[in-house]
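Structure first, then comments.
The values are calculated or read from the model by the stated rules, or taken from the named source; none is laboratory data. Remember, it's a predicted structure, so these values are computed and weren't measured experimentally. No Cβ is skipped: glycine too gets one built from the backbone with ideal geometry, and neighbour counts run over all protein chains shown.
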Amino acid sequence: MSQDTSQPLPISERVTPWLLRGLLALLLMLAVEVLFWNDPGGRALVEWPIWLGGYLILATIALDLLVRYRVRDVWGVMVVVGIVCVLNGLFLNPQSALAEGAQSLLSRSLGAYWFISLEMMGLFLALIGGHSWNNRRPLLIGALAIGFFWAVWVKWYPAFFPGAYRAVTIYELFQTLALLAIPTLVLAVVVRRRSLSVEHLRIPWQGYAVAGLLAMLLLIYQTLQNRYGDAVGILLSLIVVGVLWTMLWFRAETKKPPLLALYLAADPVPLGWLLLTLVAFVGMAVLGYATDTLVNLLGFNQFTLLNLVFSLIGAIWIPLVAAIIGIRGITRQMQMRGY
């Protein structure tokens, strides 16, 4: 049904979409800049407003894609997060995501960035409509695992990759976490129980034109800062974005409401459970950082295993999702034809 645009929208309906975009932007920034630890302390102060604007654009695109292509399951969410993470690596963090060309694209943009950002997307959905036990239980389990391995990753990364960044103290670790986590929690409380039509999260083609212009400016800026190794990483990133966007376009479901609409209509996760999840995350992070010895088993330890897992995830998830989407499409066609 077309919306009546003759009357201006109420202020709340104009503000709420941007609050949701801001919440997702902070979560995506928390994922890549803090949980992956892209040396946030090494960034120039003047760059942070630019990066915050970049994450807001990524969040706006992610929510638009979820609504525009009527994404209704985890497979579609995975594709949307993949697009956002490759764009992140291309325009915001090429010094990390494209440092070694295809290998970095695989292990960082499609591996670590994607995996952590997918978890943050799940947290975003839980914050706006995750009251059911099926959402609360994974939230707590994820906090336990992520908290421990986050601290292990940040603590031991300089030892395995000398020169990447200096060793980080536990005080710096939690100080940086708090700088993003506190405004994220405040914004999550503000948007609780706000009613909104998901169609208000869509953006017109002019919005994509503006995003493209800003992306070109970021590309020029990053080039002047010598943060691109070569053109191969840029070309491969654009190809991957094109492939993932095509997957979304082919599987678009236009008749049913998107997953985002179901979460917006549900009750948010209880504040008490959210506090419990935060305490669990912090407790496991302290335990992970306090672990002074890496346990070697079959040639792997906590850090090397995590690094390997990121690469394997980057190599596997796109073919897996493509296969599942293809099988579902074939099954749907066979059912329509009466087989």
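Details
- Reported count of residues in the stretch 170-214, each being part of a loop (DSSP other than H, G, I, E, B), in contact with a Leu (Cβ under 8 Å, 6 or more places away or on another chain) and of a type in the set (A, V, I, L, M), is 1.
- Here the condition is being of a type in the set (A, V, I, L, M, F, W, C), touching a Lys or Arg at 6+ places or on another chain (Cβ under 9 Å) and within 21 Å of VAL186 (Cβ to Cβ); of LEU30, LEU52, LEU24, LEU56, it holds for LEU56 alone.
- Checking each residue of the stretch 271-285 against the condition of being closer than 23 Å to ALA97 by Cβ, of a type outside the set (A, V, I, L, M) and out of contact with any Asp or Glu (no Cβ under 7 Å at 6 or more places or on another chain) gives no match.
- Residues located in the stretch 15-52, provided they are free of Cβ contacts under 8 Å to residues at least 12 places away in the same chain and not acidic (Asp, Glu): VAL15, TRP18, ARG43, ALA44, LEU45, VAL46, TRP48, PRO49
- Test set (1) modelled with pLDDT under 90; (2) closer than 30 Å to GLY147 by Cα; (3) polar (S, T, N, Q) - THR254 fails condition number: (2)
- Residue within the stretch 195-203 that is more than 23 Å from ASP64 (Cα to Cα), surrounded by 14 or more Cβ atoms within 10 Å (Cβ to Cβ) and in contact with a Pro (Cβ under 9 Å, 6 or more places away or on another chain) present: no
- Being surrounded by 12 or more Cβ atoms within 10 Å (Cβ to Cβ) and touching a Ser or Thr at 6+ places or on another chain (Cβ under 8 Å) holds for only one residue in ALA265, ALA285, ALA280, ALA211, and it is ALA211.
- Pairing residues of the stretch 181-193 that are at negative phi with residues that are surrounded by fewer than 17 Cβ atoms within 10 Å (Cβ to Cβ) and not aromatic (Phe, Trp, Tyr), at Cβ distances under 6 Å and at least 6 apart in sequence or on separate chains, gives VAL191/LEU19.
- Residue satisfying all of: in the stretch 59-88; modelled with pLDDT of 95 or more and among the small types (Gly, Ala, Ser); nearest to SER237 (Cα to Cα) among these: GLY82
- Some residue of the stretch 298-317 being part of a loop (DSSP other than H, G, I, E, B) and either touching a residue at least 60 places away in the same chain (Cβ under 8 Å) or not hydrophobic (A, V, I, L, M, F, W, C) (or both): yes
- ALA167 meets all of the listed conditions (1) in a loop (DSSP other than H, G, I, E, B); (2) among the hydrophobic types (A, V, I, L, M, F, W, C); (3) surrounded by 16 or more Cβ atoms within 10 Å (Cβ to Cβ) but one, namely (3).
- Restricting LEU105, LEU45 to those that are farther than 23 Å from LEU259 by Cα, in a loop (DSSP other than H, G, I, E, B) and of a type in the set (A, V, I, L, M) reduces the list to LEU45.
- LEU56 vs. criteria at pLDDT 95 or above, surrounded by fewer than 19 Cβ atoms within 10 Å (Cβ to Cβ) and not in a loop (DSSP other than H, G, I, E, B): yes
- Some residue of the stretch 117-128 being within 18 Å of the chain's Cα centre (by Cα), surrounded by fewer than 20 Cβ atoms within 10 Å (Cβ to Cβ) and more than 30 Å from LEU236 (Cα to Cα): no
- Among the residues of the stretch 239-262, the one identified as touching a Phe, Trp or Tyr at 6+ places or on another chain (Cβ under 6 Å) and surrounded by 17 or more Cβ atoms within 10 Å (Cβ to Cβ) is LEU248.
- Restricting attention to the stretch 139-180 and to residues that are of a type outside the set (A, V, I, L, M, F, W, C) and modelled with pLDDT of 90 or more, the residue that is farthest from GLN95 (Cα to Cα) turns out to be GLY142.
- Candidates VAL210, VAL241 - the one that is out of contact with any strand residue (DSSP E or B) (no Cβ under 8 Å at 6 or more places or on another chain), within 17 Å of ARG21 (Cα to Cα), hydrophobic (A, V, I, L, M, F, W, C) and at pLDDT 90 or above: VAL210
- Contact map, the stretch 148-169: first residue under 22 Å from ALA31 (Cβ atoms), second residue among the aliphatic types (A, V, I, L, M) and loosely packed, with under 13 Cβ neighbours inside 10 Å, Cβ cut-off under 6 Å, separation 6 or more or different chains; pairs are PRO158/ALA167.
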